[in-house]
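J.: My questions all concern the structure below.
The values are calculated or read from the model by the stated rules, or taken from the named source; none is laboratory data. It should be emphasised that the depicted structure is a prediction, and the values quoted were computed from it without experimental measurement. Virtual Cβ from ideal backbone geometry, glycine too; neighbours counted across all protein chains shown. To get the accessible areas, we keep the full protein, side chains included, count just its heavy atoms, and leave off ligands, DNA and RNA. Shrake-Rupley method; radii C 1.70, N 1.55, O 1.52, S 1.80 Å.
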Amino acid sequence: MNTFVSKAVIPMRRPQHMLSVVCQHFAEEEVAVTWTETRGDARFPFGCGLFEAEATYLLVQAEAEDIPGLLRLKNILAMHLEELAPEEPPEIVWTGDGCDVTELPNLRIMRVARTTALTPQMRRITLSGDDLARFASGGHHVKVLVPPEGVATPEWPIAGRNGRPQWPSEDRRPIMRTYTIRRIDVPAGEMDIDFVLHGDDGIASRWAAAAGEGDIVGIMGPGGMSVREADWYLLAGDMTALPVISRLLEELPATTRGVALIEIPAASEKQKIKSATKIELRYLHSAHPESGDTTALEEAVRAIVFPDDMKSFVFVGAETSVARRLRSYLRQERNLDRSQHLCAAYWRLGRREGEGSAEEYD
């Protein structure tokens, strides 16, 4: 079996400190990682990252069984190193295998096959493309790359020397937004993504409202954390979380019990969800949930009685401040361990994606 290897020698003032910070972060994300003061080993399903701290630099080595896995690993390692060292941005230049490859392994260029109006404010876009097997596992979320307005064929990102996506100029680059894969059919080469329509207030919303057969769009991913195995679930969210909650209700085992709470602006936004589980679905009506003033979802979550004799897990997908408050409630008042809940900020009041970081409060 072949092993493909890339290395990067990264100059920095405190390489041992950075090694410890990165490895601790991976451990919190449940990556299989071990480390000492000078060496670290992080093992992913698709490859292995090795770290060696020297006096003036950190040596990082990526190993994988194939080039796509290697490129994916280099991106992950570089991303975490950059995010965890904001005061000393690392200069990352990879050498070795895969450095002549510019195509991003997680990028697919797809076209609109058909559209479906699910409710007045939710539209399903069915996309068609090739080689979609990677999107069938590894997370429910993808980045949708919408062509800039007036540009039929944008320039797509390529793999940069640091392992991260390298983007074209502002006037040609696509706009990236995060969405849930609602359905994927790998043999048919199809993927469904449900868009909440906000009128003209949002680039992705405008694109989805006007999208027609043959329109082009990019998809990157998959990613995002998911729920852990449990016997009883509390699934709570607003309309932006409706696609992922719907998918969970369809995929969880039939023996699963629990409650699903979905906040919608009107009864017309209810969707029929086929679920074999014993999870009770409740819709909460709020006149203007997009205003951020409603407390309906928080109050409903607080009113839920948790079972004492079942393994439980809570998922929340909502506006940033709501996700934060519910995370605090679950930890401080319900005394849930971090392994028992996932509170995801799906949007932030007053900001578009990209103006603030997407967050998952685990």
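J.: Does region 111-211 classify as rounded, prolate or oblate by the C-alpha gyration tensor (a ≥ b ≥ c root eigenvalues; a/c under 1.5 gives rounded; else a/b over b/c gives prolate, otherwise oblate)?
T.: oblate
J.: Using only alpha carbon pairs under 8 Å that are at least six residues apart, calculate the relative contact order of the chain and give it in whole percent.
T.: Over the chain, the number comes to 12 percent.
J.: Given a Förster radius of 25 Å and the C-beta distance between ASN2 and ARG43 as r, what FRET efficiency does 1/(1 + (r/R0)^6) yield to the nearest 0.05?
T.: That gives a FRET efficiency of 0.90.
J.: A further question on this structure: Once you compute Rg and the Kirkwood Rh from C-alpha atoms, what is the Rg to Rh ratio for the chain?
T.: On the Cα set of the chain, Rg over Rh gives 0.97.
J.: Give me the net charge of MET12's neighbourhood, meaning all other residues with Cβ under 14 Å from the Cβ of MET12; Lys, Arg count +1, Asp, Glu -1.
T.: Spelling it out: positives minus negatives among the neighbours equals -4.
J.: For region 154-209, run through the GluC sites (Glu not before Pro) and keep only the ones in DSSP coil with at most 13 other Cβ atoms within 10 Å of their Cβ.
T.: GLU170
J.: Continuing with the same structure: Please list the radius of gyration and Dmax for region 299-345, considering alpha-carbon atoms only, with Å as the unit.
T.: Considering region 299-345 through its Cα atoms, Rg and Dmax are 10.3, 31 Å.
J.: How big is the gap, in Å, between the Cα center of region 238-261 and the Cα center of region 140-179?
T.: 30
J.: Rounded to the nearest 5, what % of DSSP beta bridges with both residues in the chain are antiparallel?
T.: 70
J.: Please find, in a Gaussian network model of the chain (springs between Cα atoms separated by less than 10 Å), the residue of ALA254, ALA159, ALA64 whose mean-square fluctuation is greatest.
T.: Highest fluctuation among the options: ALA254.
J.: I've got another one for you. Viscosity 0.692 mPa s, temperature 37 °C: give me the Stokes-Einstein translational D for region 255-352 in µm²/s, with Rh taken as the Kirkwood radius over C-alpha pairs.
T.: 225
J.: Right, another one. In whole Å, what are the extents of region 10-92 along the principal axes defined by its C-alpha atoms, from largest to smallest?
T.: That gives 33, 23, 19 Å along the principal axes, largest extent first.
J.: Given a cut-off of 27 Å, what percent of all Cα-Cα pairs of region 17-168 lie beyond it?
T.: More than 27 Å apart: 35 percent of the Cα pairs in region 17-168.
J.: Kindly provide the helix-only [θ] at 222 nm of the chain, computed as the sum of -39,500 (n - 2.57) over DSSP H runs of four or more divided by all residues, to the nearest 500 deg cm²/dmol?
T.: So the helix-based figure for the chain works out to -5500 deg cm²/dmol.
J.: Continuing with the same structure: Using DSSP to define loop residues, name the trypsin sites (Lys or Arg not before Pro) in region 10-107 whose beta-carbon has at most 11 other beta-carbon atoms within 10 Å.
T.: ARG13
J.: Sum up the charges of everything whose Cβ sits under 13 Å from the Cβ of PRO243, counting Lys and Arg as +1 and Asp and Glu as -1, but leave PRO243 out.
T.: Cβ neighbours under 13 Å give a net charge of -1.
J.: Which residue, chosen from THR240, VAL60, GLY98, occupies the Cα position most advanced towards the positive end of the dipole of the chain, where the dipole is computed from +1 (Lys, Arg) and -1 (Asp, Glu) charges on Cβ about the Cα centre?
T.: THR240
J.: Continuing with the same structure: Under the classification rounded if a/c is under 1.5, otherwise prolate if a/b is larger than b/c and oblate if not, where does region 186-244 fall, given a ≥ b ≥ c as square roots of the Cα gyration tensor eigenvalues?
T.: The shape class here is oblate.
J.: Also: Give the residues of region 28-55 whose amide nitrogen is closer than 18 Å to a point set 7 Å from the Cα of VAL186 in the direction of its Cβ.
T.: Within reach of a label on VAL186: 45-47.
J.: Also: Starting from the Cα of LYS7, draw a straight line to each of the lysines and keep only those under 30 Å, dropping any in the same chain fewer than 8 residues away.
T.: LYS74, LYS143
J.: Quote the FRET efficiency, to the nearest 0.05, computed for ILE304 versus GLU83 with a Förster distance R0 of 45 Å and r equal to the Cβ-Cβ distance.
T.: 0.85
J.: Here's a follow-up. If you build the convex hull over the alpha carbons only and average its shadow over all orientations, what do you get for region 207-296? Give it in nm² to one decimal.
T.: 7.9
J.: Report LYS7's accessible area, 1.4 Å probe, all protein chains in place, as a number in Å² to the nearest 10.
T.: 90
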